[in-house]
Amino acid sequence: MTNLVERPTSPRGGRRREELVAAGIGLLCEEGWPAVTTRGVAGRAGTNPGLIHYHFGGLPGLHAAIARAAGELVIGLLVTELLEAVDARAALGRIRDMLGETTGDERATRLAVEVIAGAARDPVPGEVLREQLRQARGQIGEALGRMYPEWPAERRAGAGLGASGRRRRPGGGAGRGGCGL
């Protein structure tokens, strides 16, 4: 069987995919993952539910695309701020500011909670989020290497784990966070 998700898309098809993902993120923010159904997303986007199968290969593909986009909104913004900081003090200051801004935004808070809840409940968004966190840890570790070249790789990796919310086990290995990450 052909993988429908990897088929070439026209500019119009790309826009339609973006519209469907945006509709899914809207539902996710407002009602959570249970509302992110084929019919719910298609109805929100004002289109035919068959287009979800056409563009994403079905609901799991749509969930993966939504999780990827939502994760980028939640994780990507934080990582970008960390990578643009000139030093650790500036990075911590910006994170402090962002926490204040984000906790006052109900939609952003709901989106963050739903990204984590979806990762805990469903293997598709879970794998997407784990991959995004792996990438974030790598980027943070590289940035720390540039800021603190005297730090050994293990220390940079440990700081990257802390920045991405991943914990270390007492024996030194990376552990899973409370939501399976």
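Report the residue count in the stretch 26-65 for those that are among the aliphatic types (A, V, I, L, M), touching a Leu at 6+ places or on another chain (Cβ under 7 Å) and closer than 11 Å to L111 by Cα.
Number satisfying all stated conditions: 1.
Restricting attention to the stretch 18-30, which residues are more than 16 Å from A119 (Cα to Cα) and modelled with pLDDT under 95? Even if it seems obvious, please write down each step before you answer.
Taking the stretch 18-30 first, the residues more than 16 Å from A119 (Cα to Cα) are 18-23, 26-27, 30.
The answer is E30, and nothing else.
Output the number of residues of the stretch 116-170 satisfying the condition of being at pLDDT 90 or above and in a loop (DSSP other than H, G, I, E, B).
Total meeting the criteria: 2.
Which members of the stretch 99-113 meet the condition of being assigned to a helix (DSSP H, G or I) and not aliphatic (A, V, I, L, M)?
Selection gives G100, E101, T102, T103, E106, R107, T109, R110.
Return the total of residues in the stretch 118-163 being touching a Pro at 6+ places or on another chain (Cβ under 9 Å), hydrophobic (A, V, I, L, M, F, W, C) and surrounded by fewer than 21 Cβ atoms within 10 Å (Cβ to Cβ).
So the answer is 1.
Looking at the stretch 34-86, what helices (runs of 4 or more DSSP H) fall wholly within it and have at least 2 residues that are over 23 Å from A136 (Cα atoms) and at pLDDT 90 or above?
38-45, 50-56, 59-71
Pairs only if they're at least six apart or on different chains, beta carbon under 7 angstrom, first in the stretch 51-62 and under 10 Å from T37 (Cα atoms), second aromatic (F, W, Y) and part of a helix (DSSP H, G or I); list them, first residue then second.
Note: pairs meeting the criteria are L62/F56.
Just checking, does the stretch 88-102 include any residue being of a type in the set (A, V, I, L, M, F, W, C), farther than 30 Å from R155 by Cβ and either under 19 Å from the mean Cα position of the chain (by Cα) or modelled with pLDDT of 90 or more (or both)?
Here is the first cut: in the stretch 88-102, the residues of a type in the set (A, V, I, L, M, F, W, C) are 88, 90-92, 95, 98-99.
Pick out the ones that are also farther than 30 Å from R155 by Cβ and you get none.
Checked against the condition, which is being of a type in the set (A, V, I, L, M, F, W, C), farther than 30 Å from R155 by Cβ and either under 19 Å from the mean Cα position of the chain (by Cα) or modelled with pLDDT of 90 or more (or both), the stretch 88-102 yields no hits at all.
Determine which single condition R107 fails, assuming it passes every other condition in (1) exposed (fewer than 14 other Cβ atoms within 10 Å of the Cβ); (2) more than 19 Å from A67 (Cα to Cα).
Failed condition: (2).
The values are calculated or read from the model by the stated rules, or taken from the named source; none is laboratory data. Note that this is a predicted model, so its numbers are computed, not measured. Here Cβ is always computed from backbone atoms with ideal geometry, including for glycine, and neighbour counts include all displayed protein chains.
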